[in-house]
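What follows is one structure encoded as structure tokens, with my remarks underneath.
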Amino acid sequence: MDFKIVQLERQLPSGGITTAHWTVSKTTDGTTVSSYGAQGFQPDAAAVGFIAFPQVTEATVVNWIKAAMGTEGVAALEASLDSQIAAIKTPATATGMPWFPANAPVTTPA
């Protein structure tokens, strides 16, 4: 799974991150799926280890998101992506009309 941070919301003037908007994608055998989410935080500028907006890295925010989701939440997210890939690779439904084959030439009556 590949997380990307697409936007951060922060407090002013402390620079504490309050919300991280993210996407996550996964590719298996050339099939890529993705999901979007947002994670809220309660920053405390007085806390040991506080990282303000100018110093934060994408890797740090991704780690915060994963910690907030917990091991089970991250596993559930990955299972959801795996399920999406499986549905694409082995679809349970299809569209079309049996009287109009997909590769038949289209003709118009004169």
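Values quoted throughout were computed directly from the atomic coordinates according to the rules given, and no laboratory measurement underlies them. Predicted model, so just to flag it, every value in this text is computed and none were measured. Please note: Cβ atoms are built from the backbone with ideal geometry, for glycine as well, and neighbour counts cover all protein chains shown.
A few points about this structure:
- Estimated inter-spin distance, Ser14 and Ser34, nm [label 7 Å along Cα→Cβ]: 3.2 nm
- Dipole magnitude for the chain: about 180 debye, using +1 per Lys or Arg Cβ and -1 per Asp or Glu Cβ, origin at the Cα centre.
- Linear extension gain, Ala59 paired with Thr71, 0.36 nm per residue minus alpha-carbon span: 2.6 nm
- His21-Ala94 FRET efficiency (beta carbon distance; Förster radius 41 Å; 0.05 resolution): 0.75
- Normalised by the number of residues in the range 2-89, the average gap of Cα pairs under 8 Å and 6 or more apart makes the relative contact order 27 percent.
- Between 0 and 90°, nearest 10: helix 58-89 axis offset from the chain longest Cα axis: 10 degrees
- Of Phe3, Gln55, Ala79, farthest towards positive along the dipole that unit charges on Lys, Arg, Asp, Glu beta carbons give the range 2-89: Gln55
- Computed FRET value (nearest 0.05) for Ala52 with Val6, which takes r as the C-beta separation and R₀ as 35 Å: 0.95
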